[in-house]
Amino acid sequence: MFESIFVQLVTAQSTPKADPKGIVEIMMEASGVVLGVLVLLALLSIASWFVIGLKGFYLMRAKNESQKFLDIFWQSKRLDSIYQSAEEFPRSPVSQVFKAGYIELSKLKNAETDVQASQTQLGGIENIERSLRRAMSSEITQLESMLPFLATVGSNAVFIGLFGTVWGIMNAFVNIQAAGASGIDVVAGPIAEALIVTGVGLVAAIPAGIAYNWFLSKIRVLGAEMDNFSNDFLNIVKRHFFK
């Protein structure tokens, strides 16, 4: 009796065990559809990280330059010198709004004559205000560029991964039918593929969604700064140029 038990233990220990497959090995054996989904998700993830880095640097520079320009604006007493300083801050949306308002104001003052003075008085402020609004709209559009891509990746990468997951589970059922059995060795490969695709979809979607919301909050702050500056600039113009 003891001899037979000993023989069974020795036999079990001497039986070679199959090494567990890694993620790379599993995906190399995946179906073409699953591999295609993985490649698409990988490309979307790489592109979204590129956009995140580029947009983060752009917004950081826009914020810093806007703060520097506002410091110069409130310390200076001459609009022409402020305009020259604004040329040093091309990424500042606030400086671009000021330049649009200053250019329109210069046009009005250069075109003003004694006969046209009353007409300029009535329509000048409206023209300057429209110029400021156009500049604000242009800057907001520039700041929001590429954000729709992040929103698309954040909202759809999960569903792309879900498609790969469904396809992997379908392959698992096909293998069960072909083998006539439902052991773990039959469905382990397709199920593992499905779970990996789901994970990759989440990896692509989560950073894009977080970055989109974060960038949108920063753009709202810059938009509020442009709006406040436009109101302050109009008040200054009314007091000093349209009395």
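The values are calculated or read from the model by the stated rules, or taken from the named source; none is laboratory data. Since this is a predicted model, take the numbers as computed values, not measurements. As a convention, Cβ positions derive from the backbone with ideal geometry for all residues, glycine included, and neighbour counts pool all protein chains shown.
All but one of (1) under 14 Å from the mean Cα position of the chain (by Cα); (2) among the charged types (D, E, K, R); (3) closer than 25 Å to SER106 by Cβ hold for LYS55; state the number of the condition that does not hold.
(3)
If ALA211 satisfies all but one of (1) modelled with pLDDT under 90; (2) surrounded by 18 or more Cβ atoms within 10 Å (Cβ to Cβ), what's the number of the condition it fails?
Exception for ALA211: condition (1).
Only residues that are of a type in the set (D, E, K, R) and over 11 Å from LEU150 (Cβ atoms): list them for segment 42-78, please.
ARG61, LYS63, GLU65, LYS68, ASP71, LYS77, ARG78
Which residue pairs have Cβ atoms closer than 9 Å, lie 6 or more positions apart in sequence or on different chains, and pair a first residue in segment 38-51 that is more than 14 Å from SER155 (Cβ to Cβ) with a second residue that is not in a helix (DSSP H, G or I)?
Taking only residues 6 or more apart or on different chains, the pairs are LEU38/ALA30; VAL51/MET146.
I need a count of the residues in segment 205-243 that are more than 12 Å from the chain's Cα centre (by Cα) and small (Gly, Ala, Ser).
The number of residues fulfilling the criteria is 3.
Any residue in segment 100-127 that is surrounded by 11 or more Cβ atoms within 10 Å (Cβ to Cβ) sitting within a Cβ distance under 8 Å of a residue that is modelled with pLDDT under 75 and not in a helix (DSSP H, G or I)? List the pairs, counting only those 6 or more apart or interchain.
Here the result reads THR120/GLU112; GLN121/PHE242; GLY124/PHE242; ILE125/PHE242, each pair linking segment 100-127 to a residue that is modelled with pLDDT under 75 and not in a helix (DSSP H, G or I).
Name the single residue, out of those in segment 52-93 being touching a residue at least 60 places away in the same chain (Cβ under 8 Å) and aliphatic (A, V, I, L, M), that is surrounded by the fewest Cβ atoms within 10 Å (Cβ to Cβ).
LEU54
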